[in-house]
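Scroll down for the structure; my scribbles are underneath it.
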Amino acid sequence: RMSRHAKKLRDHNINPCLAETDATTKCMNDNNYNKDLCTDYFLKYKNCRKFWHEIMMQRKRNGVKPEMPSAEERKKILESMG
């Protein structure tokens, strides 16, 4: 059984970097946990986290709730950026 925390991390509305998390995990599994072979995946994950963290902080400063945009809202934000 998954803990509440684990369930949250699997929720698209809470975790904006679910695809990057899964890709990194798959890379690690496929490459016998050799981190060196998965550097690009770790970088994409790190960039994703950084990007959405900055958006979250900006929304928090502006008093926007919820601080993390929903999955649908995030899609629109990304599309508006090209």
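Among the residues of the range 1-41, those that are among the hydrophobic types (A, V, I, L, M, F, W, C) and farther than 21 Å from residue 51 by Cβ comprise 2, 6, 28, 37. Note on the range 17-30: among residues that are surrounded by 12 or more Cβ atoms within 10 Å (Cβ to Cβ) and polar (S, T, N, Q), the one that is farthest from the chain's Cα centre (by Cα) is 25. Applying the condition of being of a type in the set (S, T, N, Q) and open to solvent by less than 90 Å² (accessible area, probe 1.4 Å) to the range 49-81 and asking which residue is farthest from residue 20 (Cα to Cα) yields 58. I'd like to know if the range 52-66 contains one or more residues that are of a type outside the set (A, V, I, L, M), modelled with pLDDT of 95 or more, out of contact with any Pro (no Cβ under 6 Å at 6 or more places or on another chain) and at positive phi. Scanning the range 52-66, I find at least one residue that is of a type outside the set (A, V, I, L, M), modelled with pLDDT of 95 or more, out of contact with any Pro (no Cβ under 6 Å at 6 or more places or on another chain) and at positive phi, so the answer is yes. Restricting to the range 3-16, and then to whatever is open to solvent by 100 Å² or more (accessible area, probe 1.4 Å) and assigned to a helix (DSSP H, G or I), can you tell me which residue is nearest to residue 67 (Cα to Cα)? This residue is 8. Taken over the range 17-27, residues that are touching a residue at least 12 places away in the same chain (Cβ under 8 Å) and part of a helix (DSSP H, G or I) amount to 5.
Summed over the range 31-48, the residues that are exposed (fewer than 14 other Cβ atoms within 10 Å of the Cβ) and either aromatic (Phe, Trp, Tyr) or in a helix (DSSP H, G or I) (or both) give a count of 9.
The values are calculated or read from the model by the stated rules, or taken from the named source; none is laboratory data. What you see is a predicted model, and the numbers here were worked out from it, not measured in a lab. Counting neighbours? That spans all protein chains shown, and the Cβs are built from the backbone with ideal geometry, glycine included. Side chains included, ligands, DNA and RNA excluded: accessible areas come from the protein's heavy atoms. Shrake-Rupley method; radii C 1.70, N 1.55, O 1.52, S 1.80 Å.
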